[in-house]
1. So which GluC sites (Glu not before Pro) in the stretch 166-247 end up in coil per DSSP with only 15 or fewer other C-beta atoms within 10 Å?
2. Dipole of the chain, Cα-centred, from +1 at each Lys and Arg C-beta and -1 at each Asp and Glu C-beta, to the nearest 20 debye?
3. How far is it, in nm, from the label point at R123 to the one at D327 when both lie 7 Å from their Cα along the line to the Cβ?
4. Go ahead and collect, in residue order, the members of the stretch 310-324 whose backbone nitrogen is under 14 Å from a label point 7 Å along the Cα-Cβ direction of T343.
5. Using packing as a proxy for protection, rank 296-302, 82-88 so that the peptide with the highest average count of other Cβ atoms within 10 Å comes first.
6. Full extension from R456 to T297: what is 0.36 nm times the residue separation minus their Cα-Cα distance, to one decimal in nm?
7. Calculate the FRET efficiency for K305 and R506 from the Cβ-Cβ distance with a Förster distance of 51 Å, rounded to the nearest 0.05.
8. With a point put 7 Å past each Cα toward its Cβ, work out how far L171 is from E232 in nm, to one decimal.
Amino acid sequence: MIKRLPRFAEVTLQRLCAAQDALCQEVGEDESGWDYLIEFPEPGFTGPADMRPPRKSAYVQVKSARRGSLTCRIKLSNALRSAQSHQPWFVVLMIEDGAGDVAVYAEHVWEGHIRRVLEAARRAHNAGKPLHKQMVTFRLDGTRRNGDLIKWMQDTIAAVGDDYEQRKKELFKTVGFESGYGNARLTIEASSVEEISRNFLGLGRGLPLTQFDFTPSRFGISSGEPLMSLTEGIVHIEPVGQTGAEIRLRGSDRSEPIILAARAYATPESAPEDKTYRFSADFFEMIWSPKGDSSCTATLPLEEKRSLSDIEAFARMRAAFDAGSVDAQVWLHGKRAIAGSLTVNNPKASWDWQKLAQTLKLLRSIAGLEQEKHLRVSIKDLSAAPGLKTFQEVLSAPNFRLEFKANADAPTALTSLLYHFTVEVGGYLFSALVELEVAEDVTLGERRRVTARSPRFIESYVLANPTDGERRLIVEDYDRHLASREADASPMPLGDLREFIESIARERAAALPEER
């Protein structure tokens, strides 16, 4: 039997360190409560001396026993230091083997141990028990480490990774808080149930607070006293909402429905028939209750830059409401949840939303799917764009009729009309090179009337803040297409259609008799 077993265990640890080129430094009991600081062998390094990494180190608590149980008891105050420290800590247990030597076992202080130690410390603190008078039990792995203790420690540290200290720090900060950092109790005041409902739907301005207490909690163990108490303030509720909702609106003309992705919110009443629901899309809000109370709002600020498709959807929706009631449906995860009709109570707006929707559809067709992704304009940009109404009316018209003075030098039978039309909206230039097939070409006395149909875009352009060179490109493309058609047909060149229309207007104005 080893007479001075604790001292024998300490000497054994020093011997194992020396055998594997590790430094074993004794730590004063009064300073830390742990026995030794081990500095591991220097790692192999071939670079400059000043770049050599420092030795890794670990703290070790040595325990000894004469019986075979693989457990040891450590003061809770000392165990807490092992959890608080960002450095590696190990418990080494040496059990006398009855033959004048000891069996060496070791345990790494990591997540499971850190969790048990912190929970024990929280319970002791709440109970008012001094930590240095409480004990925590460590159960060790049954693998003997007599020959590889130091290498096993190094491998264990390396297995955690180069960010060992950061990971241990995160463990200390987060274990036990999986269910939250505490419990709060608050009391609010409201003038009506409707006020509470609007706030739970995310539409209120906050609810007056009369009492608020927050009590920290870890491992489900609350502190004895609140950490924070307030007796006045404002509570703002920000609901999360449920994704997967879809609002479908269709006007009285039974045109293609407007489909808006939305989030669904509900007040916290337990019975579905008592709840109030909010369905929130990009620029459309709908409040609905099974009891019959419902409302909707549609808002898109005039100066807000949005995609062409967004503004088109908004314009189509406003046009549908201006025309009368709108069929509305709400779908949740592929199933229809609500169906009914919506009407607008305020007077019809003076804005021609239907015309705006048609204009945006045209601009989108010129831009194309890929270019449209990057375009952002506002309703104000559209309303301020000179010539946009004419641009839309001309390019959308199925027929184009032109009457002019017959010219003997003109071709006897025109085959097509060719023109380009440009409009600028919010810093973007939209332009289209259009060809129409001549369907009728007749001479009526001194006048000639040409009717063309089936317009098609030969080229289309969307240019952001275009340069003079980019503007010339449009004219050059027009000239090139005109020349290619003149080789075997008789196209009528109109050039820049806006300039052409303005020149006709000037000629008509000049032909009018002067006012007397």
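Values in this text are rule-based calculations from the coordinates and carry no lab data. Everything numeric in this text was worked out from a predicted model, so none of it was measured. Because the Cβ atoms are built from the backbone with ideal geometry, glycine has one as well, and the counts that use them run over all protein chains shown.
1. Filter output for the stretch 166-247: E178, E189, E232.
2. On the way: 67 positive and 73 negative charges, 474 e Å.
Computed about the Cα centre, the dipole is about 2280 debye.
3. 6.6
4. Taking a point 7 Å out along Cα→Cβ of T343, the residues of the stretch 310-324 whose backbone N falls under 14 Å are 321-324.
5. 82-88, 296-302
6. Values: separation 159, 0.36 × 159 = 57.24 nm, distance 3.88 nm.
Length difference between fully extended and current span is 53.4 nm.
7. Working: r = 36 Å, r/R0 = 0.71.
Between K305 and R506 the formula returns 0.90.
8. Distance between the two pseudo-spin positions: 4.8 nm.
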